[in-house]
């Protein structure tokens, strides 16, 4: 079976080497989601709307990040209610093609979200896009549709966000929604299902999978509600787990050069000083079931944290919270723990007590994934608060605000000894890649930014709400 080749000698070193042969940033956050530029190319520190711009083009709206393979760049977008996959010449920004995904109805997304949130993936021969309930679509590099794997509809008021990943002959996609969550592996040549894992215990989350190697076998690692799990790449069977994670996880894990896995998650109510008690369902019925129908409706709940999270409680979105729905989420709220942790490879089963090297419960962002670069983890949260942790110990080295403010959705990326950070409001900060980092440059884009930049061969590809930029040092 072709897809089994994806599991042979799937060490991190082989993975990085094979992916880096052509100039590439093949998926969300680059090679295996590491968010670090390959090679020793020079990248400009001073970038901005009028600084070191090699080209700039207008693009339709979307939150997906650009991906690169060879001389082409790909992204997804939305124009006039149409879902698009687009290709560009990465040397000039010239549009090469765009194709529309078949879609009967656009699903509901977050008020600041997009129907083009997941980032596509490419291996230089295929481009795989994912548009939530429209499903997975695979194109050749000329834009011809190879296959379409329909999915959904999903029970999720915020839309889909986790991105597809290519692993050998497999396309991997994790979808954690309010109900019917799953991890899917399809054959990249045909779109046919190879295996599918039920993840019904995991409510909504947005972490993209990463690949890990343990005992010579490839694994798919997914951080989700209450626990992080490693699945065997060949079969989809659960290999190990670490318990004690956030209620919902939006940050993608990352793997160090020594094989250490770093995982983080934060949601409100998961800090030791920010927890709230969730009464039992019987207590809630006794006090608030005004119509005596045995379920809870939105207008019956008192103002407070539960009413604010009614959509989470109402997992099947029928307007009624049943005992099963309520007690499920009550357990999630009770067990949730916000933290970042380091996990050593090689474990089997529940390795919570044996394979966690360290944990840190402070300085955590909500959405931007941690960047492991130059032996430090870089964590940026709302307000531009940037913390660096020693990757060996988890100890905080420095915490200070970078220029700018507001929320952060774009993940930090690193290259040439620099770390690039972008806020939703378009504030850019470039800092040195050191524990005791220094601000090297600041600028402002007059547009919102949700996408994560791609760094390839000395070029920085950066997407704002309306434009795609290419930055680089000019000869």
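Return only the number of the condition from (1) surrounded by 19 or more Cβ atoms within 10 Å (Cβ to Cβ); (2) touching a strand residue (DSSP E or B) at 6+ places or on another chain (Cβ under 6 Å) that residue 444 does not satisfy.
The failed condition is (1).
Of the residues 213, 268, 257, only one is under 18 Å from residue 167 (Cα atoms), at pLDDT below 95 and out of contact with any strand residue (DSSP E or B) (no Cβ under 6 Å at 6 or more places or on another chain); which?
After ruling out the rest, the residue left standing is 213.
Inside the stretch 292-306, can you point out the residues that are modelled with pLDDT of 95 or more and outside any loop (DSSP other than H, G, I, E, B)?
296, 298, 299, 300
In a helix (DSSP H, G or I) and either surrounded by 24 or more Cβ atoms within 10 Å (Cβ to Cβ) or in contact (Cβ under 8 Å) with a residue 12 or more places away in the chain (or both): is that true of residue 245 in this structure?
It is false that residue 245 is in a helix (DSSP H, G or I) and either surrounded by 24 or more Cβ atoms within 10 Å (Cβ to Cβ) or in contact (Cβ under 8 Å) with a residue 12 or more places away in the chain (or both).
In the list 230, 216, 191, 259, which residue meets the criterion of being over 19 Å from residue 121 (Cβ atoms) and buried (at least 17 other Cβ atoms within 10 Å of the Cβ)?
230
Can you name the condition, by its number, that residue 332 falls short on among (1) under 20 Å from residue 229 (Cα atoms); (2) touching a residue at least 12 places away in the same chain (Cβ under 8 Å); (3) part of a loop (DSSP other than H, G, I, E, B)?
(3)
Whether any residue in the stretch 465-472 is modelled with pLDDT of 95 or more and closer than 16 Å to residue 368 by Cα is what I want to check.
no
Being touching a helix residue (DSSP H, G or I) at 6+ places or on another chain (Cβ under 6 Å) and outside any loop (DSSP other than H, G, I, E, B) is the filter here; which residues of the stretch 21-68 pass it?
31, 32
Can you find a residue that is assigned to a loop (DSSP other than H, G, I, E, B) and either under 27 Å from residue 71 (Cβ atoms) or touching a strand residue (DSSP E or B) at 6+ places or on another chain (Cβ under 7 Å) (or both) anywhere in the stretch 415-422?
Looking for residues that are assigned to a loop (DSSP other than H, G, I, E, B) and either under 27 Å from residue 71 (Cβ atoms) or touching a strand residue (DSSP E or B) at 6+ places or on another chain (Cβ under 7 Å) (or both), one finds at least one in the stretch 415-422, hence yes.
Limited to the stretch 437-457, what total is found for residues that are more than 18 Å from the chain's Cα centre (by Cα), within 22 Å of residue 63 (Cβ to Cβ) and part of a strand (DSSP E or B)? Talk me through it step by step, then tell me what you get.
In the first step, residues of the stretch 437-457 are kept if they are more than 18 Å from the chain's Cα centre (by Cα); the result is 437-448, 456-457.
Among the residues that remain, those that are also within 22 Å of residue 63 (Cβ to Cβ) are: 443-448, 456.
Add one more test, that the residue is part of a strand (DSSP E or B), and what stays is 443-444, 456.
Number satisfying all stated conditions: 3.
What is the number of the single condition among (1) surrounded by 19 or more Cβ atoms within 10 Å (Cβ to Cβ); (2) part of a loop (DSSP other than H, G, I, E, B) that residue 461 does not meet?
Failed condition: (2).
Out of 429, 434, report the one residue that is in the same structural domain as residue 206 (by TED's automatic domain parsing), part of a loop (DSSP other than H, G, I, E, B), surrounded by fewer than 24 Cβ atoms within 10 Å (Cβ to Cβ) and at pLDDT 95 or above.
434
Checking residue 397 against (1) touching a strand residue (DSSP E or B) at 6+ places or on another chain (Cβ under 9 Å); (2) within 20 Å of residue 250 (Cα to Cα); (3) not in a loop (DSSP other than H, G, I, E, B), only one condition comes out false. Which one?
Going through the list (1) touching a strand residue (DSSP E or B) at 6+ places or on another chain (Cβ under 9 Å); (2) within 20 Å of residue 250 (Cα to Cα); (3) not in a loop (DSSP other than H, G, I, E, B), residue 397 breaks only (2).
For the subset of the stretch 361-380 comprising residues that are touching a strand residue (DSSP E or B) at 6+ places or on another chain (Cβ under 8 Å) and surrounded by fewer than 21 Cβ atoms within 10 Å (Cβ to Cβ), which member is farthest from residue 258 (Cα to Cα)?
Among residues in the stretch 361-380 that are touching a strand residue (DSSP E or B) at 6+ places or on another chain (Cβ under 8 Å) and surrounded by fewer than 21 Cβ atoms within 10 Å (Cβ to Cβ), the one farthest from residue 258 (Cα to Cα) is 366.
The values are calculated or read from the model by the stated rules, or taken from the named source; none is laboratory data. Please read all numbers here as calculations on a predicted model, not as lab measurements. Cβ atoms come from the backbone with ideal geometry, glycine included; neighbour counts cover every protein chain shown.
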